[in-house]
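Trainee: Have a look at this one before I ask anything.
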Amino acid sequence: MFYRQAAIRHTSYDQTKKLYPIPFDKWLVVAVLLVALLAPFMMSGLYLNSYLLPWVIWSTAALSLNLLMGYAGQIHLGYAAVMAIGAYSSVHAMRLGVPFEFALILGGATAMIIGVGFGFTALRVKGLYLAISTLAVQYLVDWVLTHVPAIGGGTQATLQTPTPALLGFEITTDIGRYYLAFGWCALVTIFMLNVKRTGLGRALIAVREKDYAASVLGVNSYYYKLIAFAVSSFFGGVTGAILAFTFFGAVTPEQYSIDISIQILAMVVVGGLGSVLGSFFGAGFILLAPLFLNNMVTGMAEAYDFGVSRSILSHIPLILYGGLIMLFLLFEPLGLAKIYDNIRKYFLVWPFGFSRR
Amino acid sequence: MNISKSAEPPKLLSCEQIDRSFGGLKALNGVSLSVSRGEIFGLVGPNGSGKTTMVNAITGFYPPDAGKVIFNGRDITGIKPYLIARLGVARTFQNLALFKGMSVLDNILLGRHVHMKPGVLSTALYWWMARKEEVANRQFVEEIIDFLQLQSARDEPVETIPIGLQKRVELARALVAEPTFLILDEPMAGMNQEEKEYMARFILDARDEMGVTVFLIEHHMDVVTGICDRMIALSYGEMLAEGSPKEVITHPRVIEAYLGGSH
Ligand SMILES: Nc1ncnc2c1ncn2[C@@H]1O[C@H](COP(=O)(O)OP(=O)(O)OP(=O)(O)O)[C@@H](O)[C@H]1O
Ligand SMILES: [Mg+2]
């Protein structure tokens, strides 16, 4: 079979910490990477822009939120607002003449500062109250974007994004924009993979699982929760900017509305809390599911000749996300990643089904 | 590591007149005790006598209402638990407090937290920064794993191994922090005779080989009298007796508390 642990003999502690100790896993990753890198040359611009690019961007967003939700165990119901802060800040910065690279970092930093400032207060409350106060951020940002013309650009306004440029090279093609999003996604992915195997990840999980037990080990739980808020907000801010620059080409409040927050939440939960791979699964699943369902409903409406109003159609995705979040929380709290893992482990121990690993 | 100064405090830990109430209940009432370096100090008492509360008062979980906790010559009364941990105090819990979902190894590695500097940058630049630290600390953890004979459980999810082993993992997690002071809250609860003997051996070895001072709460009198140098007995938050194990368990008030009490 493909998966075999036999003949893998670690001779140093360093080797045991490899990201992919099993050769088949490693080659799988290499293959996926190759496909992702060559994809722009193998598919039409339409597919690239409407499927692959959003998938890459939303996976990055899900990964970023997963650090906060999966590792630190802190729910965030207004993550789209964090992305909005990053997007608007970097667009404004670029319009003021800041080079693209710095504008991105500035966007992330602004999101981080607001995120942390907010986390300071939010972390004093727990559970439901934290959830509600993250929701408050969403409404606050929404309000500012629609009511403060200097930031939102005035009513009904769309702020066009300036052309991004890396090291002086302007990025004007679909392929260039895809690689930009892909590069950022790769950085965030690598960070998240590393979190898994360092003291940072262990401390975050410890704080999530039992904060009193973490504290006797010298872990300052408040500090680590803040770190999670800060890094997650920074990543979210940059991802929000990348979304604006590579996908929409503009920023509007609707791009970062509460619906979008729920959508990212669904990606994280459906994909799997704390899982890197799961974030990719979740993002893909949540992006594609409404398309399928919409087609199905319109198809059925035509076949059985009943009318479906546009407003119902537009609400289908939200109903679907809510349902999926509940179903997964009830039946597979670790999401699609867990389902994949079960299958992988089945092959790993095949034919000894009684063995767990 | 501990360079002795001219005026080294004679006692590693001293608690003076500790009071702690929960609502109307006086869980601790004027308890004083002191532990010297390198000894195994026992704390006994019937159920609900305030033993765990005493540990919580020392480690900062339930700061005392009145009284002082002096550790290593420093007043640590009311300091946050994570700061007390960084001063070299480690503890285990009466009801295990391991991190479910993590492997035995990762649980023990967390004990090294006080010696590591996990951060965002070192994680981002794993290959250049965190890696060396991770490997070095893994090495130390493996020594403790050998010491406590946990090799076969190393990669198991911690919640899947038997309770007796889990208690040992918690001891390992406390020991890898290289504490000066180790508090064990009923480390042998629910163990059979053989497991108890192993645990007693580990505690003695930890003291003798690692120089750890041990504060031991235990219900098994045979163990306590067997390995403790000195001990005290509590009942309803009051101190009954203090001294050598023999003196304490033969003290009339202690006998009365145990016979007349819930035990
Ligand atoms: N957090 C708390 N809130 C209220 N009462 C508490 C709390 N913790 C302990 N108590 C009470 O304080 C008293 C002492 O409890 P403690 O846990 O210290 O006893 P113990 O000696 O450790 O007992 P055991 O042998 O059962 O572990 C008990 O009456 C208990 O009910
Ligand atoms: Mg107790």
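The values are calculated or read from the model by the stated rules, or taken from the named source; none is laboratory data. Everything numeric in this text was worked out from a predicted model, so none of it was measured. Virtual Cβ from ideal backbone geometry, glycine too; neighbours counted across all protein chains shown. Ligands, DNA and RNA are excluded from the accessible area calculation, which covers all protein heavy atoms including side chains. Shrake-Rupley method; radii C 1.70, N 1.55, O 1.52, S 1.80 Å.
Trainee: Counting pairs of alpha carbon atoms under 8 Å apart in space and at least six apart in sequence, what relative contact order in percent does chain A give?
Mentor: Contact order relative to length: 27 percent.
Trainee: Here is a further query. Can you list residues from other chains, or at least 5 along the same chain, whose modelled amide H is less than 5 Å from the amide H of B:ALA241?
Mentor: B:ALA233
Trainee: Additional query: Excluding same-chain residues fewer than 8 positions from B:LYS11, which lysines have a Cα within less than 16 Å of its Cα?
Mentor: Leaving aside lysines fewer than 8 places away in the same chain, those within reach of B:LYS11 are B:LYS68.
Trainee: Here's something else I'd like to know. For the full complex of protein chains and a 1.4 angstrom probe, list B:GLU142, B:GLU247 by accessible area with the highest value first.
Mentor: B:GLU247, B:GLU142
Trainee: Give the residue list of chymotrypsin sites (Phe, Trp or Tyr not before Pro) in the range B:67-150 that are DSSP loop and have at most 11 other beta-carbon atoms within 10 angstrom.
Mentor: B:TRP127, B:TRP128
Trainee: So, in Å, what gap is there between the alpha-carbon centers of the range A:222-299 and the range A:94-171?
Mentor: 15 Å
Trainee: Here's something else I'd like to know. Interface B/A, total buried accessible area with a 1.4 Å probe, nearest 100 Å²?
Mentor: 3200 Å²
Trainee: For the range A:261-306, go through all pairs of different Cα atoms, get the mean of 1/r, take its inverse, and jot down that Kirkwood value in Å.
Mentor: 11.5 Å
Trainee: Could I ask something else about it? Computing the accessible area with a 1.4 Å probe over protein heavy atoms, can you report the carbon and sulfur percentage for the range A:43-258?
Mentor: Its accessible area is 71 percent carbon and sulfur atoms.
Trainee: Same structure again: Have a look at the range B:99-131 and report residues whose accessible surface goes down by 40 Å² or more when the remaining protein chains are included, against the chain on its own, probe 1.4 Å, ligands and DNA/RNA excluded.
Mentor: Buried by 40 Å² or more upon assembly, which counts only protein chains, are B:PHE99, B:LYS100, B:MET102, B:LEU110, B:HIS113, B:PRO118, B:VAL120, B:THR123, B:TYR126, B:TRP127.
Trainee: Give the accessible surface of the protein assembly as shown per residue, rounded to a whole number of Å², with probe radius 1.4 Å and ligands, DNA and RNA excluded.
Mentor: In whole numbers, the protein assembly as shown has 46 Å² accessible per residue.
Trainee: Pick from A:PHE328, A:PHE292, A:PHE120: which is most flexible by mean-square fluctuation in a GNM of chain A where alpha carbon atoms under 10 Å apart are linked?
Mentor: Between A:PHE328, A:PHE292, A:PHE120, it is A:PHE292 that shows the largest mean-square fluctuation.
Trainee: Which lysines does A:LYS345 reach when only Cα atoms under 21 Å apart count, and residues fewer than 8 places away in its own chain are ignored?
Mentor: Within the straight-line limit of under 21 Å, A:LYS345 reaches these lysines: A:LYS17, A:LYS18, A:LYS26, A:LYS196, B:LYS100.
Trainee: Okay, moving on. Anyone know which of A:VAL268, A:VAL251, A:VAL308 comes out most mobile in the 10 Å Cα GNM of chain A?
Mentor: A:VAL308
Trainee: Another one. Please find, in a Gaussian network model of chain A (springs between Cα atoms separated by less than 10 Å), the residue of A:HIS315, A:HIS147, A:HIS92 whose mean-square fluctuation is greatest.
Mentor: Fluctuation is largest for A:HIS315.
Trainee: How much length is gained on full extension from A:LEU128 to A:MET42, taking 0.36 nm per residue of separation minus their Cα-Cα distance?
Mentor: 26.3 nm
Trainee: What does the convex hull of the alpha-carbon atoms of chain B project to on average, in nm²?
Mentor: 15.5 nm²
Trainee: If each Cα of the range A:43-258 is one equal point scatterer, what is log10 of I(q)/I(0) from the Debye formula at q = 0.17 Å⁻¹?
Mentor: Result of the Debye calculation: -1.14.
Trainee: How much of the calculated P(r) for the range B:101-177 lies past 17 Å, in percent of all Cα pairs?
Mentor: Here the long-distance tail beyond 17 Å is 43 percent of all Cα pairs in the range B:101-177.
Trainee: Would you calculate the convex hull of the Cα atoms in the range B:111-263 and tell me its volume per residue in Å³?
Mentor: 146 Å³
Trainee: OK, next. Please report, in whole Å, how far the alpha carbons of the protein assembly as shown spread along each principal axis, starting with the longest.
Mentor: Principal extents (largest minus smallest coordinate, Cα): 89, 59, 58 Å.
Trainee: Then there is this: What number, rounded to the nearest 500 deg cm²/dmol, is the helix-based mean residue ellipticity at 222 nm of chain A, given -39500 (n - 2.57) per DSSP H run of at least four residues and division by all its residues?
Mentor: After summing the helix terms and dividing by the residues of chain A, the value is -23000 deg cm²/dmol.
Trainee: Continuing with the same structure: Between the alpha-carbon centers of the range B:49-63 and the range B:129-169, tell me the distance in whole angstrom.
Mentor: Computed from Cα coordinates, the inter-centre distance equals 28 Å.
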